[in-house]
Amino acid sequence: MRFKSTLLFAAMLLGLPLIVSARNIDLSTVPKRDTVQLTIYNSEDLTLVRETRSVTFKKGVNPLQFSWANTLIDPTSVQLRFLSSPEKLDVLDTTFPHDKPQMLFWNVQSDFDGEATIEITYFTSGITWSADYLVVAGKDEKEVALDGFVRVTNHSGEEYEDAHVRLVVGTINLVQKIAELAGVSIDHVKDLPQRDLYRFKNEAAATAFGGGAFFANKLDEKQIVKEGLSEYFIFSIEGTETIPNGWSKRLRALDAGAVPVTIQYRYRPQEYGERLVRMYLMKNDKASGLGASPLPDGTVRVFRDNQRGGLSFLTAQSIKYVPIGDKIELNLGPDPNVLFELVKLLAFRDDIWMQVNGASVFRKVGQPGLQIEANTSVAGWDDHEIFSQRVRNYTARPIEVEVRRGFPGDVVFRSGLKPVQHDYQTVQFTAPIDAGKKTDLLFEIVRSQGHNAKQNNVTLEDAQIKP
């Protein structure tokens, strides 16, 4: 028969026949798992497996055999503990036979005859997961239905029936933990011998999964963990699923039926290019019917009720890890019903300074005593430009437009649009645009040049600009 991650129990009595009860396990019977839990951490190709089995022990020494043939189980990570009657059971030793390289034996001392529940934990690789989301907007686009799914792929060599599946969402800095355990700097972790690296990695991962999470009895317990440079969340899929070897299985992880959504039009050339894009904005919080956990990286597909009994596809995009309380931002692309253009209305130059005879003597044009000679040159000036950010809204509803523009150099931004500084060279302002209307959002840029330039940032001034 084929043994894969199997546990065998042999009652050995010298010179006596083998006598076992109905729940005893001999060399021809493989005990079925009572429970199995998979905690999958994609970034390190690492899955923590915790399984429980019921075994009937005889008083005295009981040999237990564990095999991982044809699997990706890491034998150095295998651990055994007793969930029931731990005070009457003890592991005397663990043996790895030289002639059976994919097998180990535990000798268990039992102080009683009877059944006990054992737990075996180990790390395996070859199990991965990926997330995807389905967003369906109503016809008024005020709410969306958001469904989340997880696809688990198993190439570990082992099949897991009726498994509780947990996903590690976020970041665990295992390298830092390995360095601490090994007593070396982070830069020297890669130089550790392979066997030591595996051992420290498993120990670091066990610690990172929360200690209590590693040995927790509640299989569906959710935890948020923030520790050092690590921040992660253990996300539990409801119910149990069978994950066959060599298969992928799609599991429902999230079902939110009425998530409020805000529509905003954005111009952010560094993020979206030189175009105005339409955005769906949501929030991962309880008020939105979300917020129970962070949302993992994944692909979002967005549809809208087309009012003809069907759905219209809007976009598909990838999102990064969304912490609790953070925004979900979906870019739907340009809207042909909203036109957006920048129009220069006026340009002029003033505050001109001249350099006299090549020396460090400057005179402002218009000052008394300034004579324009052959050796007099223009040293500095201010360029003024008045723009209209023109928006035409041909939709049947009012919209909000956010504009974010960068202005290098020594710049004064004058406007009555109540702008704010996104950073030291970038200005941002927001304005409502009525349905079916054209709106000119006016602002003036004053850029100091040459001798006039004193800094490299934008200064905001509140002023009403006239075209």
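Can you tell me which residue within region 83-124, out of those that are of a type in the set (F, W, Y) and closer than 23 Å to E158 by Cα, is surrounded by the most Cβ atoms within 10 Å (Cβ to Cβ)? Filtering first and then ranking leaves F123. Look at region 400-412: where a residue is outside the structural domain of F429 (by TED's automatic domain parsing) and under 14 Å from R268 (Cα atoms), no partner that is modelled with pLDDT of 95 or more and loosely packed, with under 15 Cβ neighbours inside 10 Å sits 6+ places away or on another chain with Cβ atoms under 9 Å. Here N452 passes the criteria (1) farther than 22 Å from R390 by Cβ; (2) exposed (fewer than 14 other Cβ atoms within 10 Å of the Cβ) except the one numbered (2).
Residues in region 270-284 that are part of a loop (DSSP other than H, G, I, E, B) and over 16 Å from the mean Cα position of the chain (by Cα): 3 in all.
Only residues that are at pLDDT 90 or above and outside any strand (DSSP E or B) were counted in region 79-108, giving 6.
The sole residue among A145, A179 that is touching a strand residue (DSSP E or B) at 6+ places or on another chain (Cβ under 8 Å), among the small types (G, A, S) and at pLDDT 70 or above is A145.
I need the full set of residues from region 142-158 which are more than 21 Å from the chain's Cα centre (by Cα), surrounded by 22 or more Cβ atoms within 10 Å (Cβ to Cβ) and either among the β-branched types (V, I, T) or more than 17 Å from W129 (Cα to Cα) (or both), in order please. Within region 142-158, V144 is the sole residue that qualifies.
The values are calculated or read from the model by the stated rules, or taken from the named source; none is laboratory data. Since this is a predicted model, take the numbers as computed values, not measurements. All Cβ positions, even for glycine, are placed from backbone atoms using ideal geometry, and neighbour counts span all protein chains on display.
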